[in-house]
1. Select the helices (runs of 4 or more DSSP H) contained entirely in region 24-120, then report the ones holding at least 3 residues which are open to solvent by less than 70 Å² (accessible area, probe 1.4 Å) and in contact with a strand residue (DSSP E or B) (Cβ under 6 Å, 6 or more places away or on another chain).
2. Say we look at region 7-23 and pick out the residues that are of a type in the set (Val, Ile, Thr) and surrounded by 14 or more Cβ atoms within 10 Å (Cβ to Cβ); which of these is nearest to Phe66 (Cα to Cα)?
3. Tally the residues that are under 28 Å from Cys84 (Cβ atoms) and in contact (Cβ under 8 Å) with a residue 12 or more places away in the chain, restricting the search to region 26-57.
4. Take the residues of region 8-23 that are assigned to a loop (DSSP other than H, G, I, E, B) and touching a residue at least 40 places away in the same chain (Cβ under 8 Å): which is nearest to Lys63 (Cα to Cα)?
5. When Glu90 is evaluated against the numbered criteria (1) closer than 29 Å to Ala1 by Cβ; (2) modelled with pLDDT of 90 or more; (3) charged (D, E, K, R), which criterion, by number, is the only one it fails?
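The values are calculated or read from the model by the stated rules, or taken from the named source; none is laboratory data. Quick caveat: nothing in here was measured; it's all calculated off a predicted structure. When we count neighbours, we look across all protein chains shown, and the Cβ atoms used for this are built from the backbone with ideal geometry, even at glycine. Just so you know, the surface numbers come from the protein's heavy atoms only, side chains and all, with ligands and any DNA or RNA stripped out. Shrake-Rupley method; radii C 1.70, N 1.55, O 1.52, S 1.80 Å.
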Amino acid sequence: AALAAGCSMVIKPAPDTPLSALAIAELAERAGLPVGVLNVIPAGFENASSVGDALLESTAVRKISFTGSTNVGKLLIRKSADTCKKVSMELGGNAPFIVFDDADVDAAVDGAIAAKFRNA
């Protein structure tokens, strides 16, 4: 929706999964999206919160979107209040998992268990 409205985007992926966001940016550029419209800022665990704080404190950033834990979502909402940012949150997921009819059920169970307890 942001791109359709003419807005540029900044993605700060989770420190342990930056490659998917970088791949999306690469594909967007190959598809003809102008450079600078979709930006990815990978940050390691040691500086993720300072990068996030810079985005939250910026008046140029007008909206944030977050998918993750309820605790982090609450923190982001509080930090967004000072600059009156719009927020969209998908919080408290419980490792949703879809298994298709033709799936290897044993592999699906192994994958579901790994996803469920990855951050435990």
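1. Those helices (runs of 4 or more DSSP H) span 70-81.
2. Per the stated criteria, the residue is Ile11.
3. The number of residues fulfilling the criteria is 15.
4. Of the residues in region 8-23, the ones assigned to a loop (DSSP other than H, G, I, E, B) are 8, 12-17.
Filter again for touching a residue at least 40 places away in the same chain (Cβ under 8 Å), leaving 12, 14.
Details: Lys12: 13, Ala14: 18 Å.
Out of the qualifying residues, it is Lys12.
5. Result: Glu90 passes all but (2).
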